[in-house]
1. Across the stretch 15-38, what is the total count of residues that are free of Cβ contacts under 8 Å to residues at least 12 places away in the same chain and either surrounded by 15 or more Cβ atoms within 10 Å (Cβ to Cβ) or within 22 Å of Ala84 (Cα to Cα) (or both)?
2. Quick one: Lys94 ticks every box in (1) among the basic types (Lys, Arg); (2) part of a helix (DSSP H, G or I); (3) in contact with an Asp or Glu (Cβ under 9 Å, 6 or more places away or on another chain) except a single one, so which number is it?
3. Which ones in the stretch 56-92 are more than 16 Å from Ile110 (Cα to Cα) and in contact with a helix residue (DSSP H, G or I) (Cβ under 6 Å, 6 or more places away or on another chain)?
4. Run Gln12 past the list (1) part of a helix (DSSP H, G or I); (2) open to solvent by less than 90 Å² (accessible area, probe 1.4 Å); (3) at pLDDT below 90; (4) not hydrophobic (A, V, I, L, M, F, W, C) and report the number of the one that doesn't hold.
5. Looking at Gln31, is it outside any loop (DSSP other than H, G, I, E, B), touching a Leu at 6+ places or on another chain (Cβ under 9 Å) and either modelled with pLDDT under 90 or of a type in the set (Ser, Thr, Tyr) (or both)?
6. Kindly check whether there is at least one residue in the stretch 71-88 that is touching a residue at least 60 places away in the same chain (Cβ under 8 Å) and acidic (Asp, Glu).
7. Restricting attention to the stretch 47-62, does a residue exist that is at pLDDT below 90, assigned to a loop (DSSP other than H, G, I, E, B), on the phi < 0 side of the Ramachandran plot and of a type in the set (Lys, Arg)?
8. Taking Lys99 as meeting all but one of (1) in a strand (DSSP E or B); (2) open to solvent by less than 40 Å² (accessible area, probe 1.4 Å); (3) at pLDDT below 90, write down the number of the exception.
Amino acid sequence: MINECTERNEIQAMERKYREVLAWEAEFAQQIEELKKIDESDKEALKVANDILKAYDERKNITGKKINIALASNSKRIDRLEAALKSLGYLFTKYAINKHNGIWFEMVSIHKLNNI
């Protein structure tokens, strides 16, 4: 079905939006699984990991004239949070290498560090 005003294929647009929602859902489910790796008794590490995920999510919404300053500030915040999580005994990594239904999405990984 083609929109007469914009000449946009509405069916393809809806299919793409559906694939994006499925990718977001897979990303969210994967983040929850990684957060489960943190011990329930370690509430501080869980809070810091959630703050890291929030900071990455906020990064997607940064716009405006001073975007570079805002991105740099957000990056510093993420670095501080990742260092705090590492000091609590967990390593946080984020990468965008997987595809879900043809859409790239980001994955996170949380590993407990072995204290020797």
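1. Matching residues across the stretch 15-38 total 3.
2. Looking at each condition in turn, Lys94 falls short on (2).
3. Arg59, Ile62, Asn74, Arg77
4. With respect to (1) part of a helix (DSSP H, G or I); (2) open to solvent by less than 90 Å² (accessible area, probe 1.4 Å); (3) at pLDDT below 90; (4) not hydrophobic (A, V, I, L, M, F, W, C), Gln12 is out only on (2).
5. yes
6. No, the stretch 71-88 contains no residue that is touching a residue at least 60 places away in the same chain (Cβ under 8 Å) and acidic (Asp, Glu).
7. Yes, some residue in the stretch 47-62 is at pLDDT below 90, assigned to a loop (DSSP other than H, G, I, E, B), on the phi < 0 side of the Ramachandran plot and of a type in the set (Lys, Arg).
8. (2)
The values are calculated or read from the model by the stated rules, or taken from the named source; none is laboratory data. The structure displayed is predicted, hence computed values, not measured ones. We place every Cβ from the backbone using ideal geometry, glycine too, and count neighbours over all the protein chains shown. Keep in mind that these areas ignore ligands, DNA and RNA; they rest on the heavy atoms of the full protein, side chains included. Shrake-Rupley method; radii C 1.70, N 1.55, O 1.52, S 1.80 Å.
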